[in-house]
Amino acid sequence: RGFCVSAGPPSTRQLREAEEAAPVFQYAGKAARRKDRVFVWGFSYSGALGIPSFVKPDAGWKKPRRIQPTPYRLETEDKISSAACGYGFTLLASNTRDITKVWGMGLNKDSQLGFQRSRRDQTKGYEYVLEPSPIPLPLEKPQQTRVLQVSCGRAHSLVLTDSEGVFTMGNNSYGQCGRKVVEDEIYSGSHVIHQLKEFDSKVVQVVCGQDHSLFRTKKGSVYACGWGADGQTGLGHYNITSVPTKLHGDIAGVNIIQVSSYGDCCLAVSDEGDVFGWGNSEYLQLASVTETTQVNVPRHLPFKIGKVKEAACGGTGNIVLTEEGNVFVWGYGILGKGPNLTETAEPEMIPPSLFGWSDFSPDTRVARVRCGLSQFAALTNRGELFVWGKNLRGCLGTGRMEDQYFPWRVTVPGEVVDVACGVDHMVSMVRSFT
Amino acid sequence: LNAAPERAPRQRVRFLPSPAPGGGGAVELVAASVPVLADHPLVRGPRFRKLKIGAGHRLDVKASGVFVLGIGHGNKLLGDLYNCHLTKVYTVGGLFGKATDDFSDTGNLIEKTTFDHITREKLERILAVIQGTNQKALLMYSNIDMKTQEAYELAVKGLIRPMGKSPPIITAIRCLQFALPEFQLEIHCLHETQQYLRKVVHEIGLELKSSAVCTQVRRTRDGVFTVDDALPRTQWNLQSIQEAMRNCQLKVETELEKTLA
């Protein structure tokens, strides 16, 4: 009777007051930074994805996952600046000054991940490493040297540092580690990590082919060592080289700004935009200059496609990116222009509309190209990743098991900064959106 | 409409008796084209007593913009236009800092958040990703076998689109204006509802680690009909309607021929 007020539907004034009095939540402050993450996908039983629960489930409800068809986040403590995928193993490297700078996971039967001491038996090493494990490098100044880049081949890996040269480990039966071939050497559980320092200037890029290694120095010269039966060492012969030797041929005196290789063919890009190739040409990769199937001296490839910015070599196909942002492919296999184009000796352009270019967004262009053994990957300047090629054990990351005949977007929850392609898995470095 | 000049009555050739030139009672049949009595307005009555009007794609109460209607025989064209699956363009306005239960600014408030960390660059990044995932959905729901050469050719030209039922797909999205806390987007979409667009605004807010509500949804284009062809409320009279129909007829026919051919 005058003490209580009946409650009816809230009037507009009451609603507005309630709204103004509501607490304001803050989810991201002014200093919120974008986080760097690593996503992996592909075949997981070799341990190359670095997620042990895929191979050995640690909870009862988890089942072993043979293939991870879509990108899966890999938790790392440090920001990974460089990654490389080999044949069944992965190397991740960070730019820090801490003692552990390189982590490896996957196959370790040839000690390509260094010596990983087994916990059960202190004398033996692990043959399969399921989690990113630190690789101990014999550095002179471990708290000052930074690791710039890593690269992986079939059974060997190279680590490039800024002041202590190149470290190589793994299989050396063809001299690909840059040291003398020891007959009947047992590579499994080996502690040997070789250091290479004798180059004409500082090494700025290391590239691993299947069983050979390429080093590019600051002066623009290229060194090679390893197996040469297909001419991939480019030294003028088809023998094994166990010491890094400088390449001549058409690249003598040319300032090379990028080298690339993954199988048995190699490509180099000069600062003027010319492309040089050597190595295996069974799949028409170098057929524009020669009919022979092996080229053991670097040859200039006279393509009239404009100034080339970046090149990538796969097992059977090659891809280049020009300064205008156009992508050209040639070689054999699924090249990305539909199922009808399986082999070509001259570069064919992939229309930019397949990479997200349209009248609505005319400044979308391809910024990087990468190659796996039979897959291609392209990164656009908007941070989208496009893949195409043979979908071996789910390595394309599209979520489907079928081969992809034209560039297809991979949905990654973040802006893709870099991607490393392997035979049956891929690793990408991604920055979150906000 | 009924007062407008009617079409001329049908003529029919009838043999009418008329007196023969000879005189007397002889009657001769002479052919003459006379109007049919059944077409006479006093016999037939007003031409239009009711009109069948059908509506095109739905537009809900809180939204505004182009709304396509079909009159009489035009309803069949409406059906054909629906099967063309053309994109619609919306201008969507949003407001950061609030989250409500029905994603628009008139709903019950659920949460308020800060938004000063949002920049235009972050918004554009999110929009690029939305466009990318929807582009993938476009290719997937179009039910074309990806392994054929013709799928590649269509993908190059950008002509792949779902020709059947599919969930809402956004083909293009971009930011027109950005002034914290308000922003405006232009969205090109297929098979959508306005509530879905409001949900998209809400999700953009969530993705930017804040919250957003939708203040305005305005359809600026529905297939071939743009805002210029549409009649505002002041022009809802017979003459403008007829003029607008005449202007659009050609466009509609060309579009139907192109897509359904």
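Can you list the residues of the range A:367-401 whose accessible area drops by at least 10 Å² going from the chain on its own to the full set of protein chains, with a 1.4 Å probe?
In the range A:367-401, residues shielded by partner chains: A:382, A:384, A:398, A:400.
Once a ≥ b ≥ c are taken as the square roots of the eigenvalues of the Cα gyration tensor of the range B:53-260, is the result rounded (a/c under 1.5), prolate (a/b larger than b/c) or oblate (a/b not larger than b/c)?
Working: a/c = 2.35, a/b = 1.29, b/c = 1.83.
Here the range B:53-260 falls in the oblate category.
Once amide H atoms are built 1.01 Å from N in the peptide plane, which residues 5 or more positions from residue A:418, or in another chain, come under 5 Å H to H?
A:429
So what's the angle, to the nearest 10 degrees on a 0 to 90 scale, between helix A:12-21 and the longest Cα principal axis of chain A?
The angle comes out near 50 degrees.
For the range B:53-260, what proportion of DSSP beta bridges, expressed in % and rounded to the nearest 5, is antiparallel?
The antiparallel fraction comes to roughly 90 percent.
Would you kindly calculate the translational diffusion coefficient of the range A:78-199, applying Stokes-Einstein with the Kirkwood radius from alpha carbon pairs, for 25 °C and a viscosity of 0.890 mPa s, and quote it in µm² s⁻¹ without decimals? Present the calculation step by step, with values, prior to reporting the outcome.
Working: Rh = 14.3 Å.
Estimated diffusion coefficient is 172 µm²/s.
From other protein chains only, count the Cβ atoms within 10 Å of every residue's Cβ in B:175-181, then give the mean.
Working: counts 0, 0, 0, 0, 0, 0, 0.
Average per residue, whole number: 0.
For the range A:1-134, what is the percent of antiparallel DSSP beta bridges, rounded to the nearest 5? Don't skip to the answer; put the middle values down first.
Numbers: 20 of 21 bridges.
Counting DSSP beta bridges with both partners in the range A:1-134, the antiparallel share is about 95 percent.
Would you list A:290, A:145 from the most to the least accessible area, probe 1.4 Å? Mind showing how you got there, number by number?
Details: A:290 25, A:145 5 Å².
Sorted descending by solvent-accessible area, the residues read A:290, A:145.
How large is ³J(HN,Hα), in whole Hz, for each residue of the range B:213-222 in order, when computed from phi with the Karplus curve 6.51 cos²θ - 1.76 cosθ + 1.60 and θ = phi - 60°, using x for Gly and Pro?
10, 9, 9, 8, 10, 9, 8, 9, 7, 10
Whose amide H sits under 5 Å from the amide H of residue A:368, counting only residues 5 or more places off or on another chain, with H placed in the peptide plane?
A:379
Please compute one quarter of the surface area of the Cα convex hull for the protein assembly as shown and express it in square nanometres.
Values: hull surface 213.5 nm².
For the protein assembly as shown, the mean projected area of the Cα convex hull comes to 53.4 nm².
Counting residues in the range A:259-350 as N, plug N into 2.2 N^0.38 Å and put the Cα Rg over that result.
On the way: Rg = 11.8 Å, N = 92, 2.2 N^0.38 = 12.3 Å.
In units of the 2.2 N^0.38 Å rule of thumb, it is 0.96.
Using DSSP, restrict attention to beta bridges with both residues in the protein assembly as shown and report what percent are antiparallel, rounded to the nearest 5. Spell out each step's value before the answer.
Details: 146 of 152 bridges.
Percentage antiparallel, nearest 5: 95.
Which value, in square angstrom to the nearest 100, describes the accessible area buried between chains A and B on both sides, using a 1.4 angstrom probe?
On the way: alone 20660 and 17170 Å², together 34370 Å².
Looking at A and B, the buried total is near 3500 Å².
Summarise the accessible area of chain A (1.4 Å probe, protein heavy atoms) by the percent that is carbon and sulfur.
Values: 9370 of 18930 Å².
Within chain A, the accessible surface is 49 percent carbon and sulfur.
Per residue of the protein assembly as shown, what 222 nm ellipticity follows from adding -39500 (n - 2.57) for every DSSP H run with n ≥ 4, rounded to the nearest 500?
On the way: 8 runs with 97 residues, N = 695.
Mean residue ellipticity at 222 nm (helix-derived): -4500 deg cm²/dmol.
Check each of the trypsin sites (Lys or Arg not before Pro) in the range A:10-106 and keep only those in coil by DSSP with at most 14 other C-beta atoms within 10 angstrom; list them in order.
Numbers: sites: A:13, A:16, A:30, A:33, A:34, A:35, A:37, A:62, A:65, A:66, A:73, A:79, A:97, A:101; in loops: A:30, A:33, A:34, A:35, A:62, A:65, A:66, A:79, A:97, A:101.
The qualifying sites are A:30, A:33, A:34, A:35, A:62, A:66, A:79, A:97.
So with the 1.4 Å probe, I'd like the accessible area per residue for the range A:163-258, rounded to whole Å².
Values: 3960 Å² over 96 residues.
I get 41 Å² per residue for this part.
What is the calculated FRET efficiency for residue A:143 to residue B:165, with r their C-beta to C-beta distance and R₀ = 56 Å, to the nearest 0.05?
Working: r = 62 Å, r/R0 = 1.11.
After rounding to 0.05, the efficiency reads 0.35.
Using 7 Å Cα-to-Cβ label points, what is the residue A:58/residue A:79 separation (nm, one decimal)?
With each label point 7 Å from Cα toward Cβ, the separation is 2.7 nm.
Would you mind working out the magnitude of the charge dipole of the range B:53-260 relative to its Cα centre, with +1 at each Lys and Arg C-beta and -1 at each Asp and Glu C-beta, to the nearest 20 Debye? Let's see the in-between values first.
Values: 25 positive and 24 negative charges, 19 e Å.
Its charge dipole is roughly 100 debye.
Per the 1.4 Å probe, what fraction of the accessible area of the range B:53-260, in percent, lies on carbon and sulfur atoms? Don't skip to the end; give the middle numbers.
Working: 5730 of 10670 Å².
Ligands and nucleic acids excluded, carbon and sulfur give 54 percent.
Using Cα pairs closer than 8 Å and at least 6 residues apart in sequence, work out the relative contact order for chain A, in percent.
Numbers: 1225 pairs, mean separation 56.8, N = 434.
Reported as a whole number, the value is 13 percent.
Which peptide among A:41-49, B:172-180 comes first, and what is the full order, when sorted by highest mean count of other Cβ atoms within 10 Å?
On the way: A:41-49: 25.7, B:172-180: 14.2.
Descending mean neighbour count gives A:41-49, B:172-180.
Would you tally the net charge around residue A:378, using a Cβ to Cβ cut-off of less than 14 Å, leaving residue A:378 out, and scoring K and R as +1, D and E as -1? Kindly include the intermediate steps, with their values, before the conclusion.
Numbers: positive: A:309, A:337, A:365, A:368, A:370, A:382, A:409; negative: A:310, A:384, A:418.
Result for the local shell: +4.
Cα gyration tensor of the range A:1-156, axes a ≥ b ≥ c as square roots of the eigenvalues: rounded (a/c below 1.5), prolate (a/b > b/c) or oblate?
Working: a/c = 3.64, a/b = 2.36, b/c = 1.54.
Prolate, since a/c reaches 1.5 and a/b exceeds b/c.
Measuring from a point 7 Å past the Cα of residue A:15 along Cα-to-C-beta, which residues in the range B:53-68 have an amide N at less than 20 Å?
Only B:60-64 fall inside the zone, counting backbone N under 20 Å.
How far apart, in nm, are two points set 7 Å out from the Cα along the Cα-to-Cβ line at residue B:206 and at residue A:4?
3.9 nm
Quick check for you: with a 1.4 Å probe and neighbouring chains kept, what is the accessible area per residue of chain B, in Å²? Write out the running numbers ahead of the final one.
Working: 15440 Å² over 261 residues.
Per residue, chain B has 59 Å² of solvent-accessible surface.
Could you size up the charge dipole of chain A around its Cα centre, putting +1 on the beta carbon of Lys and Arg and -1 on that of Asp and Glu, and report it in debye to the nearest 20? Don't skip to the end; give the middle numbers.
Values: 47 positive and 44 negative charges, 331 e Å.
With only Lys, Arg, Asp and Glu charged at Cβ, the dipole is about 1600 debye.
Along the range A:90-104, what does the Karplus equation 6.51 cos²θ - 1.76 cosθ + 1.60 (θ = phi - 60°) give for ³J(HN,Hα), rounded to whole Hz, x for Gly and Pro?
Coupling constants for the range A:90-104: 9, 10, 10, 10, 10, 8, 7, 9, 5, 6, 8, 10, 10, 10, x Hz.
Quick one: which residues, 5 or more positions from residue A:27 or on another chain, have an amide H under 5 Å from its amide H? H modelled 1.01 Å from N in the peptide plane, none for Pro or chain starts.
B:114
Would you mind classifying the range A:161-301 by shape? Square roots of the alpha carbon gyration tensor eigenvalues, ordered a ≥ b ≥ c; an a/c under 1.5 is rounded, otherwise it is prolate if a/b is larger than b/c and oblate if not.
Working: a/c = 2.30, a/b = 1.32, b/c = 1.75.
Judged from the Cα gyration tensor, the range A:161-301 comes out oblate (a/c at least 1.5, b/c at or above a/b).
Assuming R0 = 51 Å, can you tell me the calculated FRET efficiency for the pair residue A:402 and residue A:239, based on Cβ-Cβ distance, to the nearest 0.05? Can you show the working numbers first?
Working: r = 42 Å, r/R0 = 0.82.
E between residue A:402 and residue A:239, to the nearest 0.05, is 0.75.
Would you please state which residues of the range B:171-190 a label at residue A:363 would reach in this model, taking the label point 7 Å out along Cα→Cβ and a backbone N cut-off of under 15 Å?
Residues B:175-176 fall inside that zone.
I want to check the label-to-label distance for residue B:143 and residue B:177. Put each point 7 Å from Cα in the C-beta direction and report it in nm to one decimal.
Going from the residue B:143 label point to the residue B:177 one covers 4.2 nm.
Residue by residue, what Karplus-based ³J(HN,Hα) values in Hz, rounded to whole numbers, does the range A:247-252 have, using 6.51, -1.76 and 1.60 with θ = phi - 60° and x for Gly and Pro?
8, 10, x, 6, 9, 5
The values are calculated or read from the model by the stated rules, or taken from the named source; none is laboratory data. Values in this document were obtained by computation on a predicted structure and should not be read as measured data. Quick reminder, even Gly has a Cβ in these numbers, built from the backbone with ideal geometry, and neighbours come from all protein chains shown. For the accessible areas, the whole protein counts, side chains as well, though only heavy atoms, and no ligand, DNA or RNA atoms are used. Shrake-Rupley method; radii C 1.70, N 1.55, O 1.52, S 1.80 Å.
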